[in-house]
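Reading through the structure tokens given below for one structure.
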Amino acid sequence: MNYFPQTDGTHAAKRWPASATATVLLWISRTVLSLLVLYPLLQAVKASGMVSGPDADAVLFRPGSLLLLEMFRVGAPALGAALRTALLLSAIAVLTQLLPLSVALDLLLDDGPSLPERFRRALRLFPRFVGLGGVAIAVQAALLLLASLLSAGLKSPLQSGDERLATLAPLFLLVLALVGCGWVGCVLDVARATLVRTEQTFREALVSALICLREEPLAVAAGGFPVAAASAFAYLCCVWLMARLDLAHASPQSLAFSFAAHQGAVLFTIAWRVRWLRQAIALSARSNG
Amino acid sequence: MRRATLDLWLGLLFTSLSVALLRQIAAPSVRPVPLADPPNAEFPAPAMSADKVASYEIHATFDADQHRIAGREVIRFVNASRAPVSELWFHLYLNAFKNDKTLFLRSPFGAGRSGDKARAYGYVDVKKLTLVGEEANDLWTARDRHSPEDPDDETDIRVPLPTPVEPGATLTLALDFEDQMPEIVERTGYAGSFHFFGQWFPKLARLEPDGKFTHFAFHAQSEFYADFGDYDVQLDVPSGYRVGATGVLAHESESKGRRQLEYRAENVHDFAWTAWDRFESRTERVAGTEVTLLYPPHQERNAEAELASVRFALPHFNRKYGAYPYPTLTVVHPPESAGNAGGMEYPQLITTGGPWYSALGGAHAIDVVTTHELGHQWFYGLLASDEHASPFLDEGFNSYAEADALEAQYGAGSVFDGFGLTVSSTALNRVFSAARAGDEEVGQGAAEFATFRSMGALVYSRTAVALATVERAYGRSRFQRAFGIYTRSFRFKHPTWQDFVASTVGELDAQAVTALRAAFFGRGTVDYLVRDISNASVTPAAGVFDGPNGRENKKPELPNAASQYASRAVIFRHGTLQLPVDIQLGFEDGTKQLRHWDGLGNTYPVDNVGPSRLVSVYVDPEERILIDDDRSNNWVSTQGGSAPRCFDQLLFAVQAAFGALGP
């Protein structure tokens, strides 16, 4: 299958419904999988006994956090176990999320096949998606390790100098490594787009993405930037809003508003991700036809 | 290319917006709610001067390269006791760092405050001790060679006197000594060119009224106890070094690349100083006291936070515990490499600490340490209780005062306030206190605690929580008045627990004092709990009744016809502390009732007959009984168990995490 996405405005207008479908699909899948991860944590919170009073969990959000800290103290064993379970479930959820991601990329390619057909295709591509993810994680881990080793190496030379430099140098290296990890993620998305677009082998998709990076490094590097920045902005907006919403005394309407704001922010970030995925498809098409 | 440029601009736009938002979010969100001030009733006037038992004149020459001091001191000792004194006890606490076998360094580490071992050792050598006018007779040769019953320790040394000193008589001693400072393990020593001199000179132990000295070897968990006196200390230091010290700088001169500084301090029981060639300095007058701040380069933000804390806390403590009587206060922020010198108190000098970014974000770490150490000027400095035998009278009482001051300044966010989350000092103290409740006696000696962690939780946190509980349960103004009387009446008098109890007479209920005594000396704990609720329909009595008019059969009414309900819940009190507590009852129709239990007895049945079913019971809804060691059982509700806020927040957090780290 070869597909050459148009890049003019007509195409953008035509693709909007597919983008919307992809956004909703990714939001639903992320929410469902988050609920799965959330379940043991919520059960542990309830098991602590701290939400069984007449004010339910409002007591945890009182100023000063006296009862929030109490929940962490009395519920520590159950919360610890729940956290470990949640981490395990998260790993499963991350793998599972590859399927809706593959379907979303497919949706952004064309309007043709039905959703079940796209899922079948996603299942077919799943092992290659896992392989690509594994390579990306290995490269990202190597970047973080390198930053950590450099930080450790800098520790003693910097110790006798300016205290700020001794703190900021490792932080700067970490940020550099994280930016690098982000770029690796962008290349990974281009490879995924290539995979969905052409159904090449995992190795061919990877090579194709690297060629794309060589040919259009700025487009690949810059593509993920607004996604990360917009996501950070949306999440911070929510934190800002929550800081002003007195959760300890919030009415049911305020709680509903809080929930809507949170989910709106998540949808917003996913919409930006979908925008980038469309670009990744276009970049993939341009680089290897 | 055009697309990439657009992406870059969009990214930059959102980044700028995010940074602006982050600044908003990190800023404090709550303002303190002013608490009722203590009553304006007159407090007793605090003493203006101490009984001066041990006064020192010290000449010290500092060799910065070798980290050594050559010193000579003249001690004016007055036998203020009722009995003749035939021996002296000297604390040579720098010897705690002499080798790995000293009491301090052989302590199982983790037991000490810093948990560090020595890397470069330090010690004090006494060269000669004579009576002034009898220089030929070196008293030091007759000394005991080591601390009592401890051949490996030389921090607590007895020196017999040739003739006893009669009550009221004065003894003037001259003593030559040399210090080798250690690399900082805890509080004293050097790190690079930074030097801090605490416990650096041979010092007399505290003479009790019965003529005996309270003396003790330097234990890793212990602090200090000494007599008041006047200090006149002349320091000779390299010219490039900036110095901060106890007392007032009375004279300063410079010659041949060295500076000579003379510090005088009256009515104090210790003298500490610091010297560093990289100190920055700020001076400001706060509440009539000249406050000098010494801090490392590039720490202006921390310095400002420290000054802001002093600006608030100094007048606050003056008002509550009696005016600070000294003309100066020096606040030292050690460099990060000398962090173990931080967080300590000496008369007229405190050390704070923390990395350069400590005052960023919503954390009040700088405020916490500054306020805590400043509070010690009253509890350690002016009251001067025995910190070895009763550390809770200093650290615990001061932790209560610190939390009170911080919450007056910052409200519920006194430890952290940012990103929509607030953490108070009280909440933090409570969680540490409850974690170790009943493990050990709070009121025991410092060296008797199993570990420093245990001591930290019980002496600092549990004491503060017990005091705050009594304050909340019996009335803030009454408790604070009792506390204010105590801090004023016993200024310069080395008070004990009994002295504190005496000062509460007429202010606090006997039940409150009993509870405090049990909390401090009886491993006292309390846990109020409620298990379940029962409701029964109240219907007219049914059955066969023989009355004056003959037998009558009354049929039972259907339960749903009832118009009244008899409701019952039983509150249980576990543990030994008896404290009054409020109980909030919630009914099906939304009404609430507040009941009060004096805390006596082990159970308290709450009965109610009314038109609505009892659906919830909440013990201590105002969070007064902070020392209640498990608050998760303080309530039952037939409608509880939901967690909509947790669900919303946690779901968002997981979704955001998947967004950042997921595929």
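The values are calculated or read from the model by the stated rules, or taken from the named source; none is laboratory data. Please read these numbers as outputs of a predicted model, since none were measured by experiment. Cβ coordinates were reconstructed from backbone atoms using ideal geometry, including for glycine residues, and neighbour counts include every protein chain displayed.
Taking the criterion of being surrounded by 19 or more Cβ atoms within 10 Å (Cβ to Cβ) and within 16 Å of A:GLY53 (Cβ to Cβ), the residues of segment B:585-609 that qualify are B:LEU585, B:GLY586, B:PHE587, B:VAL606. Examine segment B:80-100 for a residue that is buried (at least 17 other Cβ atoms within 10 Å of the Cβ), under 35 Å from the mean Cα position of the chain (by Cα) and at pLDDT below 85, and state whether such a residue exists. There is no residue in segment B:80-100 that is buried (at least 17 other Cβ atoms within 10 Å of the Cβ), under 35 Å from the mean Cα position of the chain (by Cα) and at pLDDT below 85. Scanning segment A:149-165 for residues that are among the hydrophobic types (A, V, I, L, M, F, W, C) and under 16 Å from B:GLY192 (Cα atoms) returns a single hit, A:LEU158. B:ASP417 meets all of the listed conditions (1) more than 10 Å from chain A (Cβ to nearest Cβ); (2) crowded, with 21+ Cβ neighbours inside 10 Å but one, namely (1). Take the conditions out of contact with any Leu (no Cβ under 7 Å at 6 or more places or on another chain) and touching a residue at least 60 places away in the same chain (Cβ under 8 Å) and apply them to B:THR170. Does it pass? Criteria met by B:THR170.
Taking the criterion of being farther than 14 Å from B:LEU516 by Cβ, part of a helix (DSSP H, G or I) and among the aromatic types (Phe, Trp, Tyr), the residues of segment B:446-480 that qualify are B:PHE452, B:TYR460. Within segment B:427-445, the set of residues being buried (at least 24 other Cβ atoms within 10 Å of the Cβ) and not in a loop (DSSP other than H, G, I, E, B) comprises B:ALA427, B:ASN429, B:ARG430, B:SER433, B:ALA434. Give the residues of segment A:23-41 that are of a type in the set (A, V, I, L, M) and either facing chain B (nearest Cβ under 9 Å) or closer than 18 Å to A:LEU95 by Cα (or both), sorted by residue number. The answer is A:LEU25, A:LEU26, A:ILE28, A:VAL32, A:LEU33, A:LEU35, A:LEU36, A:VAL37, A:LEU38, A:LEU41.
Could you check how many residues of segment B:119-143 are among the charged types (D, E, K, R) and either at positive phi or modelled with pLDDT under 95 (or both)?
From segment B:119-143, those among the charged types (D, E, K, R) are B:119, B:125, B:127-128, B:134-135, B:138, B:143; that's our starting set.
This time we only want the ones that are either at positive phi or modelled with pLDDT under 95 (or both), so: B:119, B:134-135.
Matching residues across segment B:119-143 total 3.
You will find that of A:THR269, A:THR201, the residue that is touching a helix residue (DSSP H, G or I) at 6+ places or on another chain (Cβ under 8 Å) and at the interface with another protein chain (Cβ under 7 Å from one of its Cβ atoms) is A:THR269 and no other.
Might you check whether a residue that is small (Gly, Ala, Ser), without any contact (Cβ under 8 Å) to a residue 40 or more places away in the chain, away from chain A (no Cβ under 14 Å) and part of a helix (DSSP H, G or I) occurs anywhere in segment B:559-568? If you could, list the steps in order and put the result at the bottom.
We begin by selecting, within segment B:559-568, every residue small (Gly, Ala, Ser); these are B:561-563, B:566-567.
Among the residues that remain, those that are also without any contact (Cβ under 8 Å) to a residue 40 or more places away in the chain are: B:561-562.
Filter once more, so that each one left must be away from chain A (no Cβ under 14 Å): B:561-562.
Add one more test, that the residue is part of a helix (DSSP H, G or I), and what stays is B:561.
Yes: one or more hits.
Residues that are modelled with pLDDT of 95 or more and either polar (S, T, N, Q) or within 30 Å of A:GLY161 (Cβ to Cβ) (or both) within segment B:194-221 comprise B:PHE194, B:HIS195, B:PHE196, B:PHE197, B:GLY198, B:GLN199, B:TRP200, B:THR214, listed in sequence order. The residues in segment B:587-633 that are in contact with a helix residue (DSSP H, G or I) (Cβ under 8 Å, 6 or more places away or on another chain) and among the hydroxyl-bearing types (Ser, Thr, Tyr) can be counted, and the count is 1. As a summary of the residue check, A:GLN200 satisfies the conditions (1) over 22 Å from the mean Cα position of the chain (by Cα); (2) assigned to a helix (DSSP H, G or I) except for the one numbered (2). Within segment B:379-398, the set of residues being touching a residue at least 60 places away in the same chain (Cβ under 8 Å), polar (S, T, N, Q) and within 18 Å of B:ARG488 (Cα to Cα) comprises just one member, B:SER385.
Listed conditions (1) over 19 Å from A:SER65 (Cα atoms); (2) buried (at least 22 other Cβ atoms within 10 Å of the Cβ); (3) more than 7 Å from chain A (Cβ to nearest Cβ); (4) among the β-branched types (Val, Ile, Thr) are all met by B:ILE627, apart from (1).
Can you name the residue in segment A:217-244 that is more than 7 Å from chain B (Cβ to nearest Cβ) and surrounded by 23 or more Cβ atoms within 10 Å (Cβ to Cβ) and, of all such residues, is farthest from B:THR15 (Cα to Cα)?
Filtering segment A:217-244 for residues more than 7 Å from chain B (Cβ to nearest Cβ) gives A:217, A:220-221, A:224, A:227-228, A:234, A:241, A:244.
After this cut, where a residue has to be surrounded by 23 or more Cβ atoms within 10 Å (Cβ to Cβ) as well, the list is A:220, A:224, A:227-228, A:234.
Values: A:VAL220: 19, A:GLY224: 13, A:VAL227: 11, A:ALA228: 9, A:ALA234: 11 Å.
Here the answer is A:VAL220.
Any idea which of B:ALA313, B:ALA303, B:ALA275, B:ALA250 is more than 20 Å from B:GLY381 (Cα to Cα), within 22 Å of the chain's Cα centre (by Cα) and not in a loop (DSSP other than H, G, I, E, B)?
Working: B:ALA313 fails: more than 20 Å from B:GLY381 (Cα to Cα); B:ALA275 fails: within 22 Å of the chain's Cα centre (by Cα); B:ALA250 fails: within 22 Å of the chain's Cα centre (by Cα).
Among B:ALA313, B:ALA303, B:ALA275, B:ALA250, only B:ALA303 is more than 20 Å from B:GLY381 (Cα to Cα), within 22 Å of the chain's Cα centre (by Cα) and not in a loop (DSSP other than H, G, I, E, B).
Scan segment B:634-655 residue by residue and report those that are out of contact with any helix residue (DSSP H, G or I) (no Cβ under 6 Å at 6 or more places or on another chain), within 19 Å of B:ILE571 (Cβ to Cβ) and crowded, with 18+ Cβ neighbours inside 10 Å. Within segment B:634-655, B:ASN634, B:TRP635, B:VAL636, B:SER637 meet the criteria.
Return yes when A:ALA44 is buried (at least 18 other Cβ atoms within 10 Å of the Cβ), more than 8 Å from chain B (Cβ to nearest Cβ) and closer than 28 Å to B:VAL636 by Cα and no when it is not.
Yes, satisfied.
Summed over segment B:406-426, the residues that are among the β-branched types (Val, Ile, Thr) and part of a helix (DSSP H, G or I) give a count of 1.
Can you tell me which residue in segment B:610-620 is nearest to the other protein chains (Cβ to nearest Cβ), limited to those that are buried (at least 20 other Cβ atoms within 10 Å of the Cβ) and of a type outside the set (Asp, Glu)? Explain how you work it out, then say what you get.
Narrowing segment B:610-620 to residues buried (at least 20 other Cβ atoms within 10 Å of the Cβ): B:614-620.
Within this subset, residues satisfying the condition of being of a type outside the set (Asp, Glu) are B:614-619.
Numbers: B:LEU614: 11, B:VAL615: 8, B:SER616: 4, B:VAL617: 8, B:TYR618: 6, B:VAL619: 10 Å.
In this case the residue turns out to be B:SER616.
Residues are listed down the side, and each one gets a yes or a no for (1) over 30 Å from A:ALA205 (Cβ atoms); (2) away from chain B (no Cβ under 13 Å); (3) aromatic (Phe, Trp, Tyr):
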{"position": "A:ALA86", "(1), (2), (3)": "yes, no, no"}
{"position": "A:GLU117", "(1), (2), (3)": "no, yes, no"}
{"position": "A:GLY131", "(1), (2), (3)": "no, no, no"}
{"position": "A:VAL139", "(1), (2), (3)": "no, yes, no"}
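For B:PRO663, the requirement of being within 14 Å of chain A (Cβ to nearest Cβ), surrounded by 18 or more Cβ atoms within 10 Å (Cβ to Cβ) and in contact with a helix residue (DSSP H, G or I) (Cβ under 6 Å, 6 or more places away or on another chain) is met.
Scanning segment A:144-196 for residues that are small (Gly, Ala, Ser), in contact with a Gly (Cβ under 8 Å, 6 or more places away or on another chain) and modelled with pLDDT of 90 or more returns A:GLY182, A:GLY185.
Among the criteria (1) surrounded by fewer than 19 Cβ atoms within 10 Å (Cβ to Cβ); (2) touching a residue at least 12 places away in the same chain (Cβ under 8 Å), the one B:HIS372 does not fulfil is (1).
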